[in-house]
Amino acid sequence: MRAMLLVNPKATSTNQRTRDVLIRALSATMNLKVEETAYRGHAALLSRKAHASGYDVVAVLGGDGTINEAANGLLDAEDGKRGSDGSAADRPALLVIPGGSANVFARALGLPNSPVEAAGAVLEAIRDGRRRTVGLGQALWGDESRYFTFCSGLGYDAEVIRAVEGMRGTGRKATPTRYVNTALHHYLSTDKRHAAMTVAGPDVPAAGNIFMAVISNTSPWTYVGSRPVCPTPWASFETGLDLLGLQRLGLPSMIRLIPQIMGVRDTLPAGPHLVQLHDEREFTLTAERPVAFQLDGDYLGEVERVTFRSIPNALQVLV
């Protein structure tokens with residue numbers, strides 16, 4: 001089995017010694033070529049090259065951003081032809097070893113958050129021939145499009161991600177505590193009176209006055225340390241996209257909502273000012289003014305219109 005391993009040397013939860021151990025373990029099982037990512041978008045480029053070169057597996061040792069790039073490279077590869085049934089069998093399989101701060105995609109797949117323990121789990125999957133086919137989401141805005149593995153967001157959550165990315169640019173790490181503190185600080189200054197967004201779609205009645213929209217391809221949406229956050233608990237890789245829209249950001253509404261979405265849950269949040277969608281194939285969010293936009297925890301700027309689509313059976317994952 002030929003595999004290309006994409007290593008993010010700046011991944012927050014690994015060091016050189018750990019990476020060397022993991023590379024040796026994977027090399028004992030596969031014919032492994034190791035490539036380090038050097039800049040934003042590099043993993044997507046390497047993933048496309050692996051596809052074009054006929055590799056069986058694209059493995060990623062990194063965080064959700066590197067995994068997102070690798071997935072986009074596999075689906076965007078020039079010679080990648082989706083089967084008539086939407087099958088992903090003609091693409092290299094994806095193998096992930098968590099190395100970031102949140103590792104939402106890997107944990108949603110059921111992998112341990114420890115890179116060493118996760119490597120043991122994927123080596124067992126290789127030995128036993130276990131593969132799982134997962135769906136992805138796709139966002140289209142302007143003349144751009146991009147796939148996402150677990151979530152997207154417009155409004156408040158993307159503003160928090162933008163702020164944390166600014167801190168990372170000054171050398172500070174993106175720890176759970178930093179995200180929570182930034183979210184609390186930003187909440188105090190955010191506009192809670194003038195909602196900008198409306199959601200509608202081919203099978204979705206229009207709903208407006210939305211301050212923040214969470215679009216999910218799976219659950220959890222994210223983690224606060226070891227605790228999952230599940231605003232869309234019915235979302236899964238095997239269904240369409242889910243959405244939770246907040247029409248109120250006031251303190252009483254947030255105090256009611258937060259306990260409902262913390263921890264593993266199978267019940268939807270309840271409240272009079274929530275917009276909820278489940279298992280949708282397509283919908284569009286429009287905004288009266290530019291709003292912050294993120295995909296898989298990667299801030300992508302401000303937008304006024306984004307269409308979201310469910311892409312079933314997009315990738316095979318060794319897990």
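General remarks:
- Cα extents of region 99-222 along the three principal axes, largest first (Å): 54, 42, 26
- If the segment from Val224 to Gln276 were pulled out straight at 0.36 nm per residue, it would be longer than the present Cα-Cα gap by 16.5 nm.
- Along region 9-18 the Karplus relation, 6.51 cos²θ - 1.76 cosθ + 1.60 evaluated at θ = phi - 60°, assigns HN-Hα couplings of x, 9, 4, 6, 10, 10, 10, 4, 5, 4 Hz to successive residues, with x for each Gly and Pro.
- Those aspartates and glutamates that a straight Cα-Cα span of less than 19 Å connects to Lys49, excepting residues fewer than 8 apart in one chain: Glu35, Glu36, Glu69, Asp76, Glu78, Asp79, Asp90
- Nearest 10 degrees, 0 to 90: helix 42-52 Cα axis against the chain principal axis: 50 degrees
- Residue of Thr29, Thr66, Thr170 that the Gaussian network model of the chain assigns the largest fluctuation, springs spanning Cα pairs under 10 Å: Thr170
- Rounded to the nearest 500, the helix-only mean residue ellipticity at 222 nm of the chain stands at -9000 deg cm²/dmol, with each DSSP H run of n ≥ 4 adding -39,500 (n - 2.57).
- Relative contact order for the chain, counting Cα pairs under 8 Å that sit 6 or more residues apart, in percent: 21 percent
- Extension gain, Ala38-Thr190: 0.36 nm per intervening residue step, less the Cα-Cα distance, totals 51.2 nm.
- Backbone geometry of region 287-302 corresponds, through the Karplus equation with coefficients 6.51, -1.76 and 1.60 at θ = phi - 60°, to 3J(HN,Hα) couplings of 10, 6, 9, x, 10, 5, 9, 9, 10, 6, x, 10, 6, 10, x, 10 Hz, x marking Gly and Pro.
- Radius of gyration and maximum dimension Dmax of the chain, Cα, Å: 19.1, 58
- Amide H partners (placed H, <5 Å) of Val224, local residues excluded: Val229
- The GNM of the chain, with springs linking C-alpha atoms under 10 angstrom apart, assigns the highest mean-square fluctuation among Tyr187, Tyr55, Tyr39 to Tyr39.
- Taking the C-alpha atoms only, the angle from helix 115-128 to the longest principal axis of the chain is near 60 degrees.
- Of all DSSP beta bridges in the chain, antiparallel share, percent nearest 5: 75 percent
Only the coordinates and a few stated rules stand behind these numbers; no lab work does. Computed from a prediction, not measured in an experiment: that's the story for all the values here.
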